[in-house]
Every structure is written in structure tokens, then in C-alpha cells.
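These notes concern the structure reproduced below.
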Amino acid sequence: MKFLVGIFVGVILTGAAIACYFVFGFAPVAVADKPMPFESFIADKALEAHIARQPVKDSPLVVNEANLVSGAYLYGMNCAGCHGLPGKPKSAMGSAMFPPPPQFFAGHREHGGDPIGEIYWKVANGIRLTGMPSFQGILSETDLWQVSQVIANKDALPDAAKAALASADSDTSK
């Protein structure tokens, strides 16, 4: 019986210590703070598990130059400030965020191998506690799929889409 009481008291004290850690302001909350142990691991696993439970969608749009060019313009207006542009250094906004947003054109695997349905889900729904907003209700369904196609095909964009991204860079530098 003493053993069970000890376990119960241990669980209660552990819970109280964790609550105090947050309530009394010891938890890191500033962008520059070092992340909590396992913070990224837990957040990534929760996101992956949630998306895995969603129905997988295929793009209703044909991947063609017109859709990729439209998506590139939309990406430049809505995404490039945080996620970057081809051949450009990480943006000031992207550098100031935690967790740091993936830089799609910086040669990282991040989101490059994700299925288009998963990319669409992230663009449409956003990701809590990351700074990634939901674009559902802001962009049309067609727009959401076009932006998703640009990210999914970032390594094989036609010249016209690359030019659209380059014009986004000149628009943001004014």
C-alpha cells in the first residue's frame, strides 16, 4: 500500500513541478530562447500523426506551366517572406521566427518530398505555434493547390514560373 501511495505522490509532485515551470515563467517563450527538451520532436510527431489521419488528397489541377506560374506569383506574395526564394539568402522574417520556417529553395529536403496533399493541408490549415497561418478563406481552392504545386515541384519549375518568383523578389525589395 505504501508503494502505491508513493507512486501517487510522485505523480502529483511531478505534475505540480511541471505546472510551476510554466506558471512561474521558467519555460522558454522568446524566439531567441533555447527550445525545451524534445519540443521539436513532440511537435513534429503530433503534426505527422494528425496529417496521417486526414484523407489524402490529390491535386484536382493539372501540373502545367499556367498553374505553376500562377502558383509562383501567389507564393511570392504570400509565402516568400518567410519561406524564401530561389538563390536568395534567408529572409529577415524567416530568420526571426521559431521554429524557423523551412526554406523551400535552399536545397533542404523539407517539404520537397512531401505528397502534394500534405503540402496542401499545411497551406490550407496552417500549423499551430509555428507562425504558419491558415490560408483557407484567404486564398481560393485553386490558389491553394497552385501554391502547393509550386512547393511540390520546386526543383522542376518552368522558366516562366522561375521568372514569376524572380519578380516577387524585385517586388519585395522596393
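Brief remarks on what is shown
- Of residues in the range 135-165 being surrounded by fewer than 21 Cβ atoms within 10 Å (Cβ to Cβ), aliphatic (A, V, I, L, M) and over 18 Å from CYS82 (Cβ atoms), the one modelled with the lowest pLDDT: ALA156
- Helices (runs of 4 or more DSSP H) wholly inside the range 1-100 containing at least 1 residues that are among the basic types (Lys, Arg): 2-23, 39-53
- Contact annotation: residue pairs with Cβ atoms under 8 Å, 6 or more positions apart or on different chains, pairing a residue in the range 21-39 that is farther than 13 Å from PRO99 by Cβ with a partner that is assigned to a loop (DSSP other than H, G, I, E, B), are TYR21/ALA27; ALA27/MET36.
- A single member of ALA30, ALA43 is modelled with pLDDT under 90 and surrounded by fewer than 12 Cβ atoms within 10 Å (Cβ to Cβ), and it is ALA30.
- Checklist (1) surrounded by 15 or more Cβ atoms within 10 Å (Cβ to Cβ); (2) under 22 Å from PRO35 (Cβ atoms); (3) not acidic (Asp, Glu) applied to GLY76, failing item: (2)
- For ALA106, the test of being among the aliphatic types (A, V, I, L, M), in contact (Cβ under 8 Å) with a residue 12 or more places away in the chain and under 30 Å from VAL29 (Cβ atoms) is passed.
- Check on ALA92, exposed (fewer than 15 other Cβ atoms within 10 Å of the Cβ), without any contact (Cβ under 8 Å) to a residue 40 or more places away in the chain and closer than 14 Å to ALA161 by Cβ: no
Table: residues versus (1) surrounded by fewer than 18 Cβ atoms within 10 Å (Cβ to Cβ); (2) acidic (Asp, Glu); (3) at pLDDT 95 or above; (4) within 22 Å of ALA46 (Cα to Cα).
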residue	(1), (2), (3), (4)
LEU61	no, no, yes, no
ALA72	no, no, yes, no
ARG109	yes, no, no, yes
GLY113	yes, no, no, yes
TYR120	no, no, yes, yes
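The values are calculated or read from the model by the stated rules, or taken from the named source; none is laboratory data. Not measured: the values here are computed from a predicted model. Neighbour counts are summed over all protein chains in view; Cβ atoms, including those assigned to glycine, are modelled from backbone coordinates with ideal geometry.
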